[in-house]
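The values are calculated or read from the model by the stated rules, or taken from the named source; none is laboratory data. All values reported here derive from a predicted model rather than from experimental measurement. Quick reminder, even Gly has a Cβ in these numbers, built from the backbone with ideal geometry, and neighbours come from all protein chains shown.
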């Protein structure tokens with residue numbers, strides 16, 4: 001059954017954020033997180049684009065679509081999800097997205113969408129590294145190493161290691177490695193889109209279906225840094241294959 005939110009938005013959320021521009025966002029400190037109320041989470045850089053709605057740790061529902069058709073469908077997914085729970089955009093207490101790495105175009109579209117909502121509705125906004133979200137997706141409370149992985153193409157993967165927990169704790173910096181190098185991290189759990197063919201003995205591959213619900217769950221484990229400037233700074237981890245001429 002769809003949940004309905006009947007609470008009032010905290011007055012403190014009605015801030016000057018609606019006047020933010022890229023120039024003044026860059027130096028803005030993080031704001032306090034919402035006390036309660038629904039959060040909209042969005043992952044637009046993965047092969048399956050997803051949106052989720054809920055309060056911290058409690059996922060109410062989600063929608064997803066293939067990356068290829070996400071640009072046209074993204075706002076429609078948001079509208080459908082809000083309507084299912086008898087909400088409108090102004091009922092949101094915060095918006096948060098996956099920051100990357102991932103599809104260059106997908107990340108730009110999704111983060112720009114969240115920036116627009118932040119500016120139009122004056123709600124807090126945040127962006128969380130995708131590798132951290134992937135680690136949260138597979139966290140089970142058991143001891144062991146988690147390897148969050150994003151396909152970097154060209155036979156390479158962006159990876160970051162984590163120690164299991166709530167939330168998982170990063171034990172290394174993000175890096176780009178050849179697919180065969182993941183075997184060297186065993187024993188471990190590898191989590192990501194399309195990881196089913198990765199790894200050999202000691203590598204437990206955990207393919208992901210959608211990621212936005214994990215963002216909502218992660219918010220229950222640690223306070224989000226509500227810093228809208230992060231929406232302007234996707235984590236690509238390497239330059240795009242095609243760049244503008246000099």
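The table for this structure:
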| read-out | value |
| --- | --- |
| Tally, over the stretch 140-179, of residues that are in a loop (DSSP other than H, G, I, E, B), under 25 Å from residue 52 (Cα atoms) and in contact with a strand residue (DSSP E or B) (Cβ under 7 Å, 6 or more places away or on another chain) | 2 |
| From the options 172, 199, residue that is without any contact (Cβ under 8 Å) to a residue 40 or more places away in the chain and crowded, with 21+ Cβ neighbours inside 10 Å | 199 |
| Qualifying residue in the stretch 66-77 (condition: in a strand (DSSP E or B) and without any contact (Cβ under 8 Å) to a residue 60 or more places away in the chain) | yes |
| Among residues of the stretch 104-135, those that are assigned to a loop (DSSP other than H, G, I, E, B) and at pLDDT 95 or above, counted | 1 |
| Complete set of residues in the stretch 58-102 that are surrounded by fewer than 20 Cβ atoms within 10 Å (Cβ to Cβ), under 24 Å from residue 238 (Cα atoms) and modelled with pLDDT of 95 or more | none |
| Meets criteria (touching a residue at least 40 places away in the same chain (Cβ under 8 Å), in contact with a strand residue (DSSP E or B) (Cβ under 7 Å, 6 or more places away or on another chain) and not assigned by TED's automatic domain parsing to the domain that holds residue 157) for residue 53 | yes |
